[in-house]
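Participant: Mind having a look at this structure? Questions to follow.
The values are calculated or read from the model by the stated rules, or taken from the named source; none is laboratory data. What you are looking at is a predicted structure, and each value in this text was computed from that prediction instead of being measured. Every residue, glycine as well, gets a Cβ built from its backbone with ideal geometry; the counts of neighbours run over all protein chains shown. Note: areas computed on protein heavy atoms with side chains; ligands, DNA, RNA excluded. Shrake-Rupley method; radii C 1.70, N 1.55, O 1.52, S 1.80 Å.
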Amino acid sequence: MTEYHADILVVGGSLGGVAAALGALRNGRTVILTEEHDWIGGQLTSQAVPPDEHSWVEQFGVTASYRALREGVRQYYRDHYPLTDAARANPTLNPGNGNVSRLCHEPRVSLAVMQAWLAPYAAGGKLTILKPYRAVSADVDGDKVRAVTLRHRDTGRTVTCSAHYVIDATELGDLLPLTGTEYVTGFEAQSETGEPNAPAEAQPHNQQAVSICFAVDHVDGNHTIDKPAKYEHWRAVAPDFWGGPLIDWNSPNPRTLERSRRSFDPNPVESGARMVADQRRDAGDMSLWIFRRIAARSNFRPGAYNSDICLVNWPMIDYFEQPIIDVSEQQYADRLADAASLSYSMFYWMQTEAPRLDGGQGFPGLRLRGDITGTEHGLAMAPYIRESRRIRAVTTVVEQDLSLAVRGDRGAVRYRDSVGVGMYRIDLHPSTGGDNYIDVGACPFEIPLGALIPRRMTNLLAACKNVGTTHITNGCYRLHPVEWNIGEVAGMLAAHCLDAGTTPHGVQADDTRLSEFQSHLEYQGVELHWPDIRGY
């Protein structure tokens with residue numbers, strides 16, 4: 001068995017995992033970064049989800065490195081894509097002109113930026129990247145993780161990696177059960193958290209939907225796929241809380257729960273007006289083609305694109321029939337296959353049955369763009385994971401810490417150990433327990449260091465959606481810039497502890513050590529507090 005050793009082991013090349021690796025490398029430490037899929041970057045790349053961000057992202061409220069990532073994406077387009085002169089000159093270029101984000105773009109672009117950032121460290125021997133590898137076991141000595149064993153997805157080859165600090169940046173918190181780290185899943189009881197929207201009793205198997213996204217364009221010809229084997233099953237699914245068929249243009253409005261009709265109009269003629277995505281004004285999800293569009297023809301020279309490219313991450317492909325956490329490997333595979341069959345069925349319905357604005361039926365010109373998502377099967381490389389196992393943390397963020405309805409003008413709770421900031425509405429998708437959307441206004445919030453640190457384990461840190469949130473607060477901590485901030489701080493904390501001869505618990509508990517670390521974060525562009533702004 002091959003053995004690797006580094007100062008810091010980052011298991012999981014998620015968005016938080018990439019940030020953790022860069023945070024540690026930037027501070028002089030050697031790193032092993034592992035990933036189970038072919039692409040690093042998680043929800044931004046392999047899961048094909050354009051960045052969900054708050055309304056002030058262009059001015060403040062993210063780390064300096066996340067802002068550099070966003071600018072790197074824009075510069076990549078300027079350097080390599082046939083943009084129009086107007087698009088090239090636009091300092092806030094939104095390649096897809098999508099409504100969900102001010103930076104709707106093709107996943108390979110952000111992948112290229114992150115790979116370029118990591119390349120010098122790999123060339124210099126400071127970084128080892130292992131993919132596609134997944135953690136299968138761990139060697140634990142009391143409260144310390146000594147090593148993690150990983151298996152290659154295709155060959156079955158196993159390797160063992162050891163490090164002084166181990167960072168779990170997997171999408172589902174894979175290291176937590178392997179290392180015996182205490183964790184929670186699903187919905188906590190109100191008696192435990194005091195949250196207004198929590199149930200009376202804990203529901204560990206009540207977990208948010210997963211989605212397998214896909215990209216489409218609309219061109220001449222008939223590109224209809226074979227009828228999916230489970231198509232009739234999915235056409236018949238009509239959850240009680242949904243108000244009608246799951247596969248349909250109609251679905252609940254997340255904020256009102258009223259069944260709302262979405263429109264779908266491929267390649268609309270652009271008005272020429274500049275559109276700015278802003279969740280305060282409008283969720284932007286009524287026009288499905290534009291909602292998550294990642295390439296708008298109008299931004300590129302005539303003929304460069306035969307069609308816009310639309311990213312499908314819509315309510316209709318949310319798979320909430322059964323949970324995927326803490327189930328057998330076979331159940332996990334079967335349920336993801338079901339999620340994929342739902343996505344294929346939605347696409348087939350769009351091609352063959354979907355009502356058109358002209359009164360017709362079906363869009364046979366729709367075409368799956370697996371080349372955009374990096375797959376031969378046409379869907380995203382990885383499922384979009386909204387909810388993970390979550391550590392029993394030193395600090396657990398609860399709904400009343402940041403709910404706009406609870407906190408009002410006071411704003412979110414200020415933490416003495418803040419290591420970053422974030423903002424998004426608490427946005428919970430339908431869940432395996434039969435819940436509809438839970439959508440709660442939020443105040444701009446801080447990220448407490450204690451949320452990254454398990455109560456007991458001494459050298460394991462959380463760097464993804466596995467931090468100390470609840471089922472409810474995960475709904476606003478799971479977004480792209482927050483995950484990046486969390487991961488970056490985890491990597492910097494591990495490096496700092498090695499430099500200072502201390503521990504994560506020691507930094508969090510001691511005011512002097514904490515202040516020193518926070519100053520180090522600010523020096524490297526991590527914002528610890530918000531300016532005086534109001535929630536929405």
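Participant: Determine which single condition Q43 fails, assuming it passes every other condition in (1) in a strand (DSSP E or B); (2) of a type outside the set (V, I, T); (3) in contact with a helix residue (DSSP H, G or I) (Cβ under 8 Å, 6 or more places away or on another chain).
Facilitator: (1)
Residues are listed down the side, and each one gets a yes or a no for (1) in a loop (DSSP other than H, G, I, E, B); (2) modelled with pLDDT of 95 or more; (3) of a type outside the set (A, V, I, L, M, F, W, C):
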| residue | (1), (2), (3) |
| --- | --- |
| R88 | no, yes, yes |
| P91 | yes, yes, yes |
| L103 | yes, yes, no |
| V113 | no, yes, no |
| A119 | no, yes, no |
| A122 | no, yes, no |
| T128 | no, yes, yes |
| A135 | no, yes, no |
| A147 | no, yes, no |
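Participant: Does M275 meet the test of being at pLDDT 95 or above, surrounded by 15 or more Cβ atoms within 10 Å (Cβ to Cβ), on the phi < 0 side of the Ramachandran plot and not hydroxyl-bearing (S, T, Y)?
Facilitator: Considered against the rule, which asks whether it is at pLDDT 95 or above, surrounded by 15 or more Cβ atoms within 10 Å (Cβ to Cβ), on the phi < 0 side of the Ramachandran plot and not hydroxyl-bearing (S, T, Y), M275 comes out as no.
Every residue, every condition in (1) open to solvent by less than 20 Å² (accessible area, probe 1.4 Å); (2) of a type in the set (D, E); (3) in contact (Cβ under 8 Å) with a residue 40 or more places away in the chain, yes or no:
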site	(1), (2), (3)
E58	no, yes, yes
Y66	yes, no, yes
R78	no, no, no
Y81	no, no, yes
D85	no, yes, no
G98	yes, no, yes
L111	yes, no, yes
M114	yes, no, yes
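Participant: To continue, here is another question. Answer yes or no as to whether A354 is surrounded by fewer than 20 Cβ atoms within 10 Å (Cβ to Cβ), of a type outside the set (D, E, K, R), under 25 Å from P252 (Cα atoms) and in contact (Cβ under 8 Å) with a residue 60 or more places away in the chain.
Facilitator: For A354, the condition - surrounded by fewer than 20 Cβ atoms within 10 Å (Cβ to Cβ), of a type outside the set (D, E, K, R), under 25 Å from P252 (Cα atoms) and in contact (Cβ under 8 Å) with a residue 60 or more places away in the chain - is met.
Participant: Those residues that are in contact with a helix residue (DSSP H, G or I) (Cβ under 9 Å, 6 or more places away or on another chain) and of a type in the set (S, T, Y), I need them from the range 493-536; list them, please.
Facilitator: If the condition is that a residue be in contact with a helix residue (DSSP H, G or I) (Cβ under 9 Å, 6 or more places away or on another chain) and of a type in the set (S, T, Y), then T502, T503, Y536 are the ones that fit.
Participant: Would you check if there is a residue in the range 521-533 being surrounded by fewer than 16 Cβ atoms within 10 Å (Cβ to Cβ) and in a helix (DSSP H, G or I)?
Facilitator: Scanning the range 521-533, I find at least one residue that is surrounded by fewer than 16 Cβ atoms within 10 Å (Cβ to Cβ) and in a helix (DSSP H, G or I), so the answer is yes.
Participant: Among the residues of the range 372-389, write down those that are within 18 Å of S345 (Cβ to Cβ) and either hydrophobic (A, V, I, L, M, F, W, C) or open to solvent by 30 Å² or more (accessible area, probe 1.4 Å) (or both).
Facilitator: H377, L379, A380
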